[in-house]
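Read through the structure below, which is laid out as structure tokens, and then see the notes.
The values are calculated or read from the model by the stated rules, or taken from the named source; none is laboratory data. What you are looking at is a predicted structure, and each value in this text was computed from that prediction instead of being measured. Because the Cβ atoms are built from the backbone with ideal geometry, glycine has one as well, and the counts that use them run over all protein chains shown. Just the protein is used for accessible areas: all its heavy atoms, side chains included, with ligands, DNA and RNA removed. Shrake-Rupley method; radii C 1.70, N 1.55, O 1.52, S 1.80 Å.
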Amino acid sequence: MTIPVLPLDRYERIVFFTGAGLSAECGLPTYRGAGGIWSEYNYEDFACQRAFDRDPEKVWDFHDERRRIMGEAEPGLAHRVIARLQQERAGTAIVTQNIDGLHQQAGATEVIELHGSVWRVRCRCPDGLQENHDQPIERQCPACSAYRRPDIVWFEDPMQEGPLRAAATAIAECDLLVSIGTSGVVYPAAALPQLARQTGAMCVEINPEETEVSGQYQVNLRMGASEALSSLWPEVAEMSR
Ligand code: APR
């Protein structure tokens, strides 16, 4: 496969748009495809408000296991390359569908989390939204005794307006969009990369497999995240190892 030459100094505003495939190299399962979470669990029983209202303990059993597995994972080379590029290049944004916090663990900041975070919970308390990395977590808030609700955008939830607006703005204004590890089937997130295409940005898809949105990209790198970023920007990858 020929790797296109994308000199970093040609671009002023780069957006990394990431999905579960970015963390696959860190040992975390993706949601779809071989070994995908949704092939083992029905989201209607474990990851939606109806399930939480019906059986919060069952939903917390599932999310405590996600927190355990995600807590054991370390950011991969791709996470580190992205964080380094953000640190070194003003105007670089990170929009993720992931809830695992690995971008931040790699040193990224101001990560736009479209689907929330497994490390945040909220409850009925006025200051109830909090970061919480306890393993296992105290499932009921000691102050208001309500079950803590993972601050995750579950299926059937409305999107959180702030992150969605910030993501749309960043992507519409970028001149290079690098999509990594997403199947492009969950909306409205999956519609965002089109904003970059419409404004004439260079759009690159990094995914070992063809996706439903592959045709929206000028470049499709059929390889894993770390291999692709190392091929595109070897010097940055070397410094990030
Ligand atoms: N590098 C890059 N991509 C990879 C790698 C890898 N090493 N391994 C797998 N992939 C690709 C798969 O081919 C697949 O297309 O990552 C993609 C993961 O797709 P999904 O599991 O559907 O994950 P994602 O697109 O992030 O899901 C979107 O769906 O369940 C909801 O809220 C959840 O945020 C999630 C959303």
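For the range 85-106, the criterion of a residue being closer than 23 Å to residue 133 by Cα and either surrounded by fewer than 15 Cβ atoms within 10 Å (Cβ to Cβ) or without any contact (Cβ under 8 Å) to a residue 24 or more places away in the chain (or both) is satisfied by at least one position.
Please verify whether residue 8 is aliphatic (A, V, I, L, M) and within 13 Å of the ligand (Cβ to nearest atom), treating the condition exactly as stated. No. Pairs meeting the criteria (first residue in the range 158-171 and in the same structural domain as residue 86 (by TED's automatic domain parsing), second residue at pLDDT below 95, beta carbons under 7 Å, at least 6 apart or on different chains) are lacking. Restricting the range 40-54 to residues that are of a type in the set (Asp, Glu) and open to solvent by 60 Å² or more (accessible area, probe 1.4 Å) leaves a set whose member that is farthest from the ligand (Cβ to nearest atom) is 53.
The set of residues from the range 131-174 being hydrophobic (A, V, I, L, M, F, W, C), touching a strand residue (DSSP E or B) at 6+ places or on another chain (Cβ under 7 Å) and within 16 Å of the ligand (Cβ to nearest atom) comprises 152, 153, 154, 155, 167, 171.
Selection over the range 85-131 of residues that are among the hydroxyl-bearing types (Ser, Thr, Tyr) and over 20 Å from residue 72 (Cα atoms) gives a count of 2.
Evaluating residue 135 against the criteria (1) surrounded by 15 or more Cβ atoms within 10 Å (Cβ to Cβ); (2) in contact with a Lys or Arg (Cβ under 7 Å, 6 or more places away or on another chain); (3) in a loop (DSSP other than H, G, I, E, B) leaves one unmet condition, (1). Of the residues making up the range 175-191, those that are open to solvent by less than 10 Å² (accessible area, probe 1.4 Å) and more than 12 Å from the ligand (Cβ to nearest atom) are 176, 177. Screening the candidates 235, 209, 205 for the property of being touching a residue at least 24 places away in the same chain (Cβ under 8 Å) and open to solvent by 40 Å² or more (accessible area, probe 1.4 Å) yields one hit, 209. The set of residues in the range 212-232 that are free of Cβ contacts under 8 Å to residues at least 12 places away in the same chain and either in contact with a His (Cβ under 6 Å, 6 or more places away or on another chain) or more than 14 Å from the ligand (Cβ to nearest atom) (or both) contains only 215. Annotation: of all residues in the range 11-38 being open to solvent by less than 30 Å² (accessible area, probe 1.4 Å), assigned by TED's automatic domain parsing to the domain that holds residue 110 and near the ligand (Cβ under 8 Å from one of its atoms), the one that is farthest from residue 182 (Cα to Cα) is 22.
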